[in-house]
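Peer 1: Let me begin by handing over the structure; questions about it come next.
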Amino acid sequence: MKKILFVTSEAHPLIKTGGLADVSGSLPKALAELSQDVRIIMPNYQTIKMQNEVRYLCTLRVENRDVNILETRMPDSNVIVWLVDFAEYFIRPGNPYVDEHGNSWPDNADRFALFCRIAVEVAMNRAYLQWMPDVVHCNDWQSGLVPALLSLESNRPSSVFTIHNLAYQGLFTAESIRGLNLPGQLWNPEGLEFYNMLSFIKGGLVYADKITTVSPNYALEIQTAAYGCGLEGLLRFRKDSLIGILNGIDQDVWNPAIDPSIAKHYGQKTLKDKQHNKSELQRRFGLPEDDKVPLLGLIGRLVEQKGIDLIIDCLPEMLSMSLQFVLLGSGDKDFEQRLQNLAHVYPDKMAVAQGYDEPLAHLIEAGADIFLMPSRFEPCGLNQMYSQRYGTLPIVRNTGGLSDTVVDVLPETLANRTATGFVFNDANASSLLETVKRAVMLYSDRKAWTSVQSNAMGKDFSWLKSAEQYLALYESL
Ligand code: ADP
């Protein structure tokens with residue numbers, strides 16, 4: 001049995017801004033099911049949705065600050081969560097990284113440096129918790145200083161750093177980090193320095209014993225200039241310690257046979273009941289109820305990464321076809337406005353829900369026929385896996401985890417029953433539009449469509465497979 005300290009800045013259902021929370025909610029649980037002793041450490045934000053009892057454990061004095069450690073458990077599992085409680089940094093409105101207006105908190109470097117220092121104290125068993133992990137598993141830049149600081153300790157646990165998105169690096173100017181008091185030997189271009197800035201993520205990439213990322217294809221892509229965000233050289237240098245392990249999905253939460261947020265349950269054998277969800281979705285979005293017209297859906301952050309501009313560029317032509325399109329998301333204000341404008345021009349064909357709405361996300365997965373995910377880059381992506389489980393065929397760009405999880409409809413993949421969606425190569429509006437046409441064409445062939453739906457719904461995206469790979473990695477350390 002391995003003792004694993006899982007360091008993260010968000011975990012579903014306690015707090016979530018994106019895919020990292022899904023992983024942090026599921027992977028520790030799956031490891032616990034494999035009989036491992038895993039504990040999560042994360043900041044105690046004001047907006048955490050606590051469900052279980054919380055108790056005070058101890059107070060640590062670090063960098064002249066008194067920081068409490070609280071303990072709770074993940075809902076629906078016995079996984080222990082240690083909350084790093086420092087009100088001045090974490091008790092504020094907004095989300096973990098930005099204020100109500102979407103601006104990064106100006107003291108993010110101080111906030112997450114303190115979080116990392118506390119995680120190191122816990123990892124070194126200096127926090128009066130009588131527990132020392134074998135492995136410290138860190139995630140994304142917010143925990144990047146942990147492997148760096150640990151590297152200076154003797155008799156330290158092993159460290160693993162997972163890249164969920166290389167585009168977010170935790171870069172801070174030299175002035176903004178003056179108060180951090182980081183050990184001088186970490187400050188050099190082979191260490192935490194990145195063009196005169198402090199890079200939190202380099203703490204993970206340089207100093208962790210192993211680096212993982214969330215799909216095998218993204219692990220290769222980030223070693224190239226096109227996807228490496230300036231860190232491709234370092235990642236190539238560390239390629240023998242870098243592996244891609246595909247994320248799983250929580251197949252209990254994303255299961256159309258038991259999903260409490262959808263209008264009617266269905267499964268592979270009762271696919272016709274999916275129809276009720278389509279009608280409900282059309283009603284909810286005020287679109288004409290029509291079971292014959294293909295209904296396209298999209299859920300996600302409205303940012304350039306997700307290829308939202310490609311969709312906007314081809315929407316007028318797309319909406320001239322016989323189809324409907326519903327979208328749920330928030331993000332870039334310009335994208336939000338342009339999408340709202342288009343929805344006003346085509347009220348019978350397109351509707352937009354702005355905001356973050358978990359139950360509605362489930363209904364879209366269940367009610368849509370086709371799911372759009374034309375990302376420019378996508379470390380793993382979750383929605384394309386949810387879609388397949390719901391028999392909602394995804395249209396994805398050939399990148400990152402999307403390539404690893406969706407099999408394009410081709411004559412041979414139709415024949416050997418492996419096809420599960422539609423894949424296109426070039427990040428431009430015309431390639432996307434061609435692929436939408438290809439999907440709509442197949443939709444008119446009921447038999448072929450149901451056969452691909454059934455391939456998609458039969459795929460195993462469970463966490464167990466991935467958790468076993470992480471465990472093998474921990475054991476190799
Ligand atoms: P990323 O982490 O890059 O945002 P992923 O596809 O890996 O993208 O994960 C996004 C997660 O957040 C998914 O579970 C998705 O359903 C959810 N999500 C994103 N935007 C919304 C929204 N507006 N409402 C509900 N859920 C959302």
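Please treat every number below as a calculation from the coordinates, not as lab data. Only a predicted model underlies this, so the values are computations on that prediction, with no experimental measurement involved. Here the Cβ positions follow ideal geometry from the backbone for every residue, glycine too, while neighbour counts run over all protein chains shown.
Peer 1: What are the residues whose amide H is under 5 Å from the amide H of Asn139, where those residues sit 5 or more places off or on another chain and H is modelled from the backbone?
Peer 2: Val7, Thr162
Peer 1: Please list, in order along region 218-228, the HN-Hα scalar couplings obtained from phi with the Karplus expression 6.51 cos²θ - 1.76 cosθ + 1.60 (θ = phi - 60°), rounded to whole Hz, x for Gly and Pro.
Peer 2: Listing the rounded values in order: 5, 4, 7, 4, 5, 8, 10, 4, 5, 10, x Hz.
Peer 1: To the nearest 10 degrees, how steeply does helix 274-284 sit against the main Cα axis of the chain, on a 0 to 90 scale?
Peer 2: Orientation of helix 274-284: about 80 degrees from the principal axis.
Peer 1: Within the set Lys274/Lys447; Lys202/Lys306; Lys210/Lys459; Lys306/Lys333, which residue pairs have Cα atoms separated by over 19 Å?
Peer 2: Lys202/Lys306; Lys210/Lys459
Peer 1: Okay, next question. Would you grab the residues whose amide H sits under 5 Å from the one on Val98? Only those 5+ places off in sequence or on another chain, please, with H modelled 1.01 Å from N.
Peer 2: Long-range HN contacts for Val98: Trp105.
Peer 1: I would also like to ask the following. Once fully extended, how much extra length lies between Gln130 and Arg65, figured as 0.36 nm per residue of separation less the alpha-carbon to alpha-carbon distance?
Peer 2: 21.2 nm
Peer 1: Then there is this: Charges only on Cβ, +1 for Lys and Arg, -1 for Asp and Glu: so what's the dipole of the chain about the Cα centre, in debye to the nearest 20?
Peer 2: So the dipole magnitude of the chain works out to roughly 660 debye.
Peer 1: Quick one: which residues, 5+ away or cross-chain, put their amide H under 5 Å from the amide H of Val38? H built at 1.01 Å from N.
Peer 2: HN-HN under 5 Å from Val38: Ile4.
Peer 1: Using the Cα centre of region 324-477 as origin and beta-carbon charges of +1 (Lys, Arg) and -1 (Asp, Glu), tell me which of Tyr470, Met457, Pro379 is placed farthest towards the positive end of the dipole.
Peer 2: Sorting the options by dipole projection puts first Met457.
Peer 1: Here's another thing I want to ask about it. Tabulate in residue order the Karplus-calculated ³J(HN,Hα) for region 136-147, using 6.51 cos²θ - 1.76 cosθ + 1.60 with θ = phi - 60°, rounded to whole Hz; enter x for Gly and Pro.
Peer 2: 10, 9, 9, 9, 6, 4, 4, 10, x, 6, 5, x
Peer 1: Can you classify region 142-199 as rounded, prolate or oblate using the Cα gyration tensor, where a ≥ b ≥ c are the square roots of its eigenvalues, rounded means a/c under 1.5, and otherwise it's prolate if a/b beats b/c and oblate if not?
Peer 2: Oblate.
Peer 1: In sequence order, what are the phi-derived ³J(HN,Hα) couplings for region 6-23 according to the Karplus relation 6.51 cos²θ - 1.76 cosθ + 1.60 with θ = phi - 60°, rounded to whole Hz, with x for glycine and proline?
Peer 2: 9, 9, 8, 9, 7, 8, 6, x, 6, 7, 8, 10, x, x, 4, 5, 4, 5
Peer 1: I would also like to ask the following. Near Glu190, within a Cβ-to-Cβ distance under 13 Å, what is the net charge of the other residues, with Lys and Arg +1 and Asp and Glu -1?
Peer 2: My count for the surroundings of Glu190 gives +1.
Peer 1: Further question on the same structure: Give the angle, between 0 and 90 degrees and rounded to the nearest 10, that separates the Cα long axis of helix 429-443 from the longest principal axis of the Cα atoms of the chain.
Peer 2: The two axes meet at around 60 degrees.
Peer 1: Using a Förster distance of 30 angstrom, determine the FRET efficiency expected from the C-beta separation of Asp334 and Asp76, and round it to 0.05.
Peer 2: With R0 = 30 Å, the Cβ-Cβ based efficiency is 0.15.
Peer 1: Any chance you could run the full-extension gain for Ile243 through Ile91? It's 0.36 nm times the residue separation minus the Cα-Cα distance, nm to one decimal.
Peer 2: 51.1 nm
Peer 1: State, to one decimal in nm, how far the label point of Asp291 lies from the label point of Gln305, with both points 7 Å from Cα in the Cβ direction.
Peer 2: Going by the 7 Å Cα→Cβ label model, 3.9 nm.
Peer 1: Rounded to the nearest 10 degrees, what's the angle between the helix 446-457 long axis and the longest principal axis of the chain, both from Cα atoms, 0 to 90?
Peer 2: Taking Cα atoms only, the helix is inclined about 10 degrees.
Peer 1: Simple spin-label model, 7 Å along Cα-to-Cβ: Asn255 to Asp426 in nm?
Peer 2: 4.4
Peer 1: Rounded, prolate or oblate: pick one for region 1-64, where a ≥ b ≥ c are the square roots of the eigenvalues of its C-alpha gyration tensor, a/c under 1.5 means rounded, and failing that, prolate if a/b is larger than b/c, else oblate.
Peer 2: oblate
Peer 1: For a Förster distance of 60 Å, can you work out the FRET efficiency between the beta-carbons of Leu414 and Met1, rounded to the nearest 0.05?
Peer 2: 0.85
Peer 1: Want the number for Asn196 to Asn155: 0.36 nm per residue separation, take away the alpha-carbon distance, what's left?
Peer 2: Stretched out fully, the Asn196 to Asn155 stretch lengthens by 11.6 nm.
Peer 1: At a Förster distance of 35 Å, what's the computed FRET efficiency of Arg55 paired with Leu464, Cβ-Cβ distance as r, to 0.05? Could the numbers behind the result be given before it?
Peer 2: Details: r = 31 Å, r/R0 = 0.89.
After rounding to 0.05, the efficiency reads 0.65.
Peer 1: Write down the radius of gyration of region 279-396 and its Dmax, each obtained from C-alpha positions, in Å.
Peer 2: That works out to 12.9, 36 Å for Rg and Dmax.
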